[in-house]
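Have a look at the structure below, then the notes.
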Amino acid sequence: MDNANSPKRLSGHTDARRASAREATARARGYLHFVREFVRHPRQIGAICPSSPVLARRIASLVPPGDGLVLELGPGGGAVTAALLRHGVAAHDLVLLERSAALVAQLSHRFPDVALIHGDAAHLGDYAQLRERPLRAIVSSLPLRSLPRPLVRQILDQIAEVSAPGTRFIQFSYALHDACAAPARGFERDDACLVWRNLPPARVDCYRDARARA
């Protein structure tokens, strides 16, 4: 029987500490990249602080289990991405779409096993990766409340285009009365909650594609 000081157990503790240190370093780098991009493009980023672990876990918890891709729009520094993976979303089921080249480089280093698209949510229908398998969920950290209305409508139309009946669309916002002024075409509100342990507090809305199957 191994005792508390056996080489095997000590090695396990050392590996756990190293993994924890690597994750902390990755989070710190992600935060720095996120803040740098906020300074450059404040309206596109929408917040000076990445999502808190509490908010990220709440968002991830709304992703249903099962088959199909999970698409994350605007992953930023990767806070929600990490929560999705911890929640049980397999790396091969996750697709990230990020517009910032600097954040794409950081995300590819932090999550090398996750598919990453350097692109724009206003053109989702152009990406072949999103046509290969049905989408079970779309998780959005995009600042839909601060983007121009025509652009928001274009993004929502694209979400409707790539979705299938039953797809969940999860959007968070710092506007506590509603995360999304109008859902994508064919979507109905499925759930909503407030997360106070975030800076600033946030609202999470979950919509479901209620269109009938063909």
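Take the residues in segment 169-185 that are among the hydrophobic types (A, V, I, L, M, F, W, C) and surrounded by 21 or more Cβ atoms within 10 Å (Cβ to Cβ), then tell me which one is nearest to Gln154 (Cα to Cα). Checked segment 169-185; the qualifying residue nearest to Gln154 (Cα to Cα) is Ala184. Among the residues of segment 130-168, the ones that are over 22 Å from Gly77 (Cβ atoms) and in contact with a strand residue (DSSP E or B) (Cβ under 9 Å, 6 or more places away or on another chain) come to 16 in all.
Whether any residue in segment 89-109 is in a loop (DSSP other than H, G, I, E, B), polar (S, T, N, Q) and crowded, with 18+ Cβ neighbours inside 10 Å is what I want to check. Scanning segment 89-109, I find at least one residue that is in a loop (DSSP other than H, G, I, E, B), polar (S, T, N, Q) and crowded, with 18+ Cβ neighbours inside 10 Å, so the answer is yes. Of Arg203, Arg208, all but one fail to be assigned to a strand (DSSP E or B), surrounded by fewer than 22 Cβ atoms within 10 Å (Cβ to Cβ) and free of Cβ contacts under 8 Å to residues at least 40 places away in the same chain; the exception is Arg203. Of everything in segment 75-100 that is under 17 Å from His118 (Cα atoms) and β-branched (Val, Ile, Thr), the residue that is nearest to the chain's Cα centre (by Cα) is Thr81. Comparison of Glu37, Glu23 shows that the only residue that is assigned to a helix (DSSP H, G or I), at pLDDT below 50 and acidic (Asp, Glu) is Glu37.
Check Gly77 against each of (1) surrounded by 15 or more Cβ atoms within 10 Å (Cβ to Cβ); (2) within 20 Å of Thr167 (Cα to Cα); (3) at pLDDT below 95 and name the one condition it does not meet. All conditions pass for Gly77, except number (2). Among the candidates Glu188, Glu132, the residue that is surrounded by fewer than 16 Cβ atoms within 10 Å (Cβ to Cβ) and either in a loop (DSSP other than H, G, I, E, B) or among the aromatic types (Phe, Trp, Tyr) (or both) is uniquely Glu132.
The values are calculated or read from the model by the stated rules, or taken from the named source; none is laboratory data. All of these numbers come straight from a predicted model, not from anything done at the bench. Quick reminder, even Gly has a Cβ in these numbers, built from the backbone with ideal geometry, and neighbours come from all protein chains shown.
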